[in-house]
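Accompanying notes for the structure given below.
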Amino acid sequence: MSFQRKILITGGAGFIGSHVVRLFVNKYPQYLIVNLDKLTYAGNLENLKDVEHSSNYHFIKGDIVDESFVLKLFNEHRFDSVIHLAAESHVDRSIVSPTDFIFTNIVGTVNLLNAARKIWDKGNLSNNDLKSVEREKKNSVPYRFYHISTDEVYGSLNETGHFTESTPYDPRSPYSASKAAADHLVRAYAHTYKLPVVITNCSNNYGPYQFPEKLIPLAINNIKNNVPVPVYGKGENVRDWLWVEDHAAAIDLVFHEGRTGATYNIGGFNEWKNLDVIRLLCKIMDEKLGLEVGKSEQLITFVKDRAGHDMRYAIDSSKISKELGWKPSLTFEEGLSKTVDWYLANEEWLQHVTSGANHKYNQQQYHHRKQHVR
């Protein structure tokens with residue numbers, strides 16, 4: 001079967017990545033979607049059970065830090081597009097083990113850039129490949145390297161103001177510094193090698209399939225099990241929350257219609273203090289679990305603040321709204337209610353990821369479905 005496009009999605013078994021993979025597989029049967037994931041603790045093939053047998057979907061286990069593997073993959077499959085989501089992403093883990101973030105987020109990104117540059121550079125192509133490039137031009141299939149980043153590269157805001165695409169970078173954690181470095185490298189490759197890139201910087205995502213080390217799924221799981229819900233410091237840090245399916249829709253839009261070389265900020269227009277998020281979540285959980293009003297809120301426990309904890313993030317999404325017509329589809333209250341419903345209805349998934357059982361599933365699925373992309 002021939003496909004209009006061959007798209008490599010890195011980190012496609014992760015939280016945001018799995019939503020993007022699912023959207024593209026279902027919406028674009030004419031595209032071949034190749035999911036490359038290392039399957040670390042947050043990479044879970046159970047996130048994609050509903051599409052794993054689709055004819056336009058293939059999974060490949062691998063590490064983007066392995067330069068020879070990445071180049072071999074590009075040589076073999078000749079991807080025309082990359083949607084790069086693979087990353088170490090948890091700030092707390094970056095404080096404990098920053099080296100992992102340097103390798104995955106910086107070295108891994110460079111390996112992908114180098115492979116794409118080599119394969120897409122006509123100077124490195126054989127005569128047969130050059131003919132393929134000409135055919136692609138006639139069919140209007142442009143190359144595209146799409147790098148997904150975070151609002152944390154901009155640093156921390158005071159009580160007013162918003163991050164825009166022109167806000168100077170000021171990363172404050174090893175995680176955000178590694179993502180900032182990757183952003184700079186993507187832009188440098190665009191400028192130096194004319195690589196066709198686009199970058200988006202998003203705010204905090206929430207929704208189904210998020211690994212329960214993050215604030216919202218952690219709180220849901222703890223409340224369900226009647227154990228303390230930790231809140232850093234006084235809970236006054238502010239974040240802008242983005243429904244993950246709205247983010248996936250934005251990625252789809254930017255991939256197809258975003259200007260080459262452009263950067264777009266994607267936020268949910270949802271600023272909330274962490275403590276207010278947890279209090280709202282407690283109220284929703286009380287209602288859905290049939291608990292006495294205020295019962296879950298008694299579990300809130302203030303803990304020592306995170307080192308270098310940024311006070312406030314807030315994204316100005318007016319550029320993507322004006323240029324591409326994107327806007328969030330849900331209010332935070334609606335999205336949070338749907339998120340709670342999903343976690344309560346998927347206790348087996350939650351039990352697997354919290355017990356480590358998903359790794360056993362990953363290995364079984366990988367060995368069962370190991371195959372070459374045609």
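The values are calculated or read from the model by the stated rules, or taken from the named source; none is laboratory data. Because the structure is a prediction, the values reported are computed rather than measured. For neighbour counting, all protein chains shown are included, and Cβ atoms are generated from backbone atoms with ideal geometry for every residue, glycine included.
Can you tell me which residues in the range 149-170 are in contact with a strand residue (DSSP E or B) (Cβ under 6 Å, 6 or more places away or on another chain), part of a loop (DSSP other than H, G, I, E, B) and within 23 Å of H84 (Cα to Cα)? Passing the criteria: only E165. If you scan the range 116-164, which residues turn out to be at pLDDT below 90 and hydrophobic (A, V, I, L, M, F, W, C)? Passing the criteria: L125, L130, V133, V141.
Taken together, the criteria exclude Y264 from residues that are of a type in the set (S, T, Y), under 23 Å from L330 (Cα atoms) and modelled with pLDDT under 95.
Of the residues in the range 4-44, how many are surrounded by 23 or more Cβ atoms within 10 Å (Cβ to Cβ) and modelled with pLDDT under 95? Adding up the residues that qualify gives 3. Looking across the range 306-329 at every residue that is among the hydrophobic types (A, V, I, L, M, F, W, C) and part of a helix (DSSP H, G or I), the one that is farthest from I199 (Cα to Cα) is identified as L324.
The helices (runs of 4 or more DSSP H) found entirely in the range 214-305 that carry 2 or more residues being in contact (Cβ under 8 Å) with a residue 60 or more places away in the chain and farther than 15 Å from S337 by Cβ are 215-224, 244-257. Is at least one residue of the range 183-197 assigned to a helix (DSSP H, G or I) and aromatic (F, W, Y)? The answer is yes, given that some residue of the range 183-197 is assigned to a helix (DSSP H, G or I) and aromatic (F, W, Y). Apart from one condition, K61 fits all of (1) modelled with pLDDT of 95 or more; (2) touching a His at 6+ places or on another chain (Cβ under 9 Å); the exception is (2). Filtering the range 322-350 to residues that are over 20 Å from the mean Cα position of the chain (by Cα) and not aliphatic (A, V, I, L, M) leaves K322, E323, G325, T331, E333, E334, S337, D341, N346, E347, E348. State yes or no: is V277 touching a Phe, Trp or Tyr at 6+ places or on another chain (Cβ under 6 Å) and surrounded by 22 or more Cβ atoms within 10 Å (Cβ to Cβ)? No, not satisfied. Only residues that are touching a residue at least 60 places away in the same chain (Cβ under 8 Å) and either within 23 Å of K283 (Cβ to Cβ) or in contact with a helix residue (DSSP H, G or I) (Cβ under 6 Å, 6 or more places away or on another chain) (or both) were counted in the range 308-329, giving 6.
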